[in-house]
1. Which one is surrounded by the most Cβ atoms within 10 Å (Cβ to Cβ), of the residues in segment A:119-137 that are outside any loop (DSSP other than H, G, I, E, B) and of a type in the set (Lys, Arg)?
2. Which members of segment A:49-87 meet the condition of being touching a strand residue (DSSP E or B) at 6+ places or on another chain (Cβ under 8 Å) and small (Gly, Ala, Ser)?
3. Please state which one of A:163, A:183, A:129, A:189 is in contact with a strand residue (DSSP E or B) (Cβ under 6 Å, 6 or more places away or on another chain), on the phi < 0 side of the Ramachandran plot and among the hydrophobic types (A, V, I, L, M, F, W, C).
4. Take the residues in segment A:285-334 that are of a type in the set (Ser, Thr, Tyr) and surrounded by fewer than 18 Cβ atoms within 10 Å (Cβ to Cβ), then tell me which one is farthest from residue A:58 (Cα to Cα).
5. If residue A:337 satisfies every condition in (1) within 14 Å of chain B (Cβ to nearest Cβ); (2) not in a loop (DSSP other than H, G, I, E, B) but one, which is the exception?
6. With within 11 Å of chain B (Cβ to nearest Cβ) and out of contact with any strand residue (DSSP E or B) (no Cβ under 9 Å at 6 or more places or on another chain) as the only criterion, which of A:244, A:262, A:224, A:215 stands out?
7. When segment A:247-267 is examined, which residues are found to be among the charged types (D, E, K, R) and not in a strand (DSSP E or B)?
8. Here is a check on your reading of the model: is residue A:170 within 30 Å of residue A:51 (Cβ to Cβ) and among the hydroxyl-bearing types (Ser, Thr, Tyr)?
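The values are calculated or read from the model by the stated rules, or taken from the named source; none is laboratory data. Remember, predicted model here, so these are calculated numbers, not experimental data. Positions of Cβ are backbone-derived with ideal geometry, glycine not excepted, and every protein chain shown enters the neighbour counts.
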Protein chains: 2
Amino acid sequence: MIKIIQSKTRCLILSSVLLISLWSCKQESSTSTTVEPKEVTETVMADPLPSWNEGDVKHSIIAYVEDVTDSTSANFIPVFDRIATFDNDGTLWSEQPMYFQLFFALSRIKAMSADHPEWKNKQPFKAVLENDMEALMAQGEKGLVTIIMTTHADTTTDEFEALVSEWIATAEHPIKKKKFKELVYQPMLELLDYLRANDFKTFIVSGGGIEFMRPWTEEVYNIPKDQVVGSSVQTEYDYNDGKPFIKRLAKLDLNDDKEGKPVGINRYIGRKPVFAAGNSDGDLQMLRWADANTFKTMKLYVHHTDSIREWAYDRTSHIGKFDKALDEANEKKWTIVSMKDDWNVIYPFEKK
Amino acid sequence: MIKIIQSKTRCLILSSVLLISLWSCKQESSTSTTVEPKEVTETVMADPLPSWNEGDVKHSIIAYVEDVTDSTSANFIPVFDRIATFDNDGTLWSEQPMYFQLFFALSRIKAMSADHPEWKNKQPFKAVLENDMEALMAQGEKGLVTIIMTTHADTTTDEFEALVSEWIATAEHPIKKKKFKELVYQPMLELLDYLRANDFKTFIVSGGGIEFMRPWTEEVYNIPKDQVVGSSVQTEYDYNDGKPFIKRLAKLDLNDDKEGKPVGINRYIGRKPVFAAGNSDGDLQMLRWADANTFKTMKLYVHHTDSIREWAYDRTSHIGKFDKALDEANEKKWTIVSMKDDWNVIYPFEKK
């Protein structure tokens, strides 16, 4: 049975998921592919950030990178210190109408329900099986934690990886009608490439589940599994009949959001970033952590201002709330990217 | 005050430290240096492992690397999967007459004693201050945990890094009369370089403290901080007067030894290694974890057989006990390196 976490900290990814609309997830046949790191082209491109419109934001990014990688500059940063950390939900891919990991969790509940006939009459499962989001939300945080822990624990790590891999290969976003993994931001892919071409090591630091992200970050972002930091459950090693395996337990390990982000960065990376990007109040502590670096740093906020091509939301949104951090970013003159004004393309499939 | 961990797991690095002789640590002036990743020479060397004697072990290492990096081989391993994990104590550097991290801890007790006059009459501190190892050992595991937690917690992460950096730059081994950081194994440095030249990503996975190792692994092993996995204490983020910092708490987080090694590998790396090297029973679970990989793997044990140039110990040693794992390595035909027979040089300073 599932033990619900009793932690004061909130559940893995769902600290403020409240606004949810109906959804559906198609499952198609899964294909397994071998991923290789993409080669970085050595030739200098005329424009390393073609999906970024000309303007202060694009120019400040390029000026920063050129300055800190110039060995004659007073702001030169040694390669080992060129750490760049990126939030995932809302910073590298979309997060509306709810965090994509929750779509995965709800899809899992449906798949698991065949073995749990009792769920038909038991909340919060009943609400999920009936696509009744209002009833699910009425279960409150406890209901969501139950959904997450039911779908994210009590498997081995190998089993969980296979489940995520199959889902990400096939599942579609209910509104955009694209695979979730296609809803990544083309300008941010270019930024990741540009930083790596300049010997920055790029990391994801997300409130999302670490083992939910790792199965696909190599293919989608060219970011290795070991450069993914996220929320985690506790695990346990076991060894039976000569076969070792690791079990995922229904107990929170790291809640990699807000104060948890610097803690996660310290745990996994061991040094402060020089470049940090986020989109919500949940990233503020990470950007402050970068700001405390003694090297010259860049703090970048993605502001969701495009109601046509993506979504527009900030101070009052239940997902990706950007309020206190928006004030601090303005006050401290951190870089704020307007998706509407600074990006000429949002998703890779829109490229001409 | 220090809270002693109440965990069932044993303390960070000291699971079986019992045999200790007298010691002294000189402190000299510290110099700060900027470390840059060493360039990998692109030209193919005639011999990538010159400090390894010709023989089955050396040949099997080279045959393995050539096989799994050959894109026409059935055993080809994609780059993202080329994960190599190395134990530290006894595998990359010496560990006698006691784990080097304990020398650091004892040195810290002496430095801190000026602010703790009461330690003169209080165990286990009294024993340390009087260089009375027998009395210290009589305090048992509880005494050692007190020593470790007193010296490894209740600082910020920045403060702790500075303490370790100063110590490693100056402290000398009492018997070898060399700096501790000079007592690394030249053949293993060559093996690390050789694997990296073939696109393996090299990690340390040690029972030693992660924040004890990170300040010097870049300079000594060319291994970035984020590729160091080790035992850890819990941490807490705080923010005062606009300054963020992370506090090290006197509570165990991960005990990265034995069963903790696969757990640490899963937490930090997210995939099973294809190459794993250790020297003691504490590494057995890590090597089994590598052995469970579906790719072709290499499991390598360093056997301390050289009583003249280093130390000779295995089945009955209190430090680096190599007994059950020696049987399993023999049974499963894993690679066993005899330091005496397979290495023509032990330490870098012996090179001609």
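1. Checking each candidate, the answer is A:126.
2. A:51, A:60, A:84 - these are the residues of segment A:49-87 that are touching a strand residue (DSSP E or B) at 6+ places or on another chain (Cβ under 8 Å) and small (Gly, Ala, Ser).
3. Only one candidate passes the filter, namely A:183.
4. Among them, the one singled out is A:316.
5. So the condition that residue A:337 fails would be (1).
6. A:215
7. A:256, A:257, A:258, A:259, A:261, A:267, listed by residue number.
8. Yes: the conditions hold for residue A:170.
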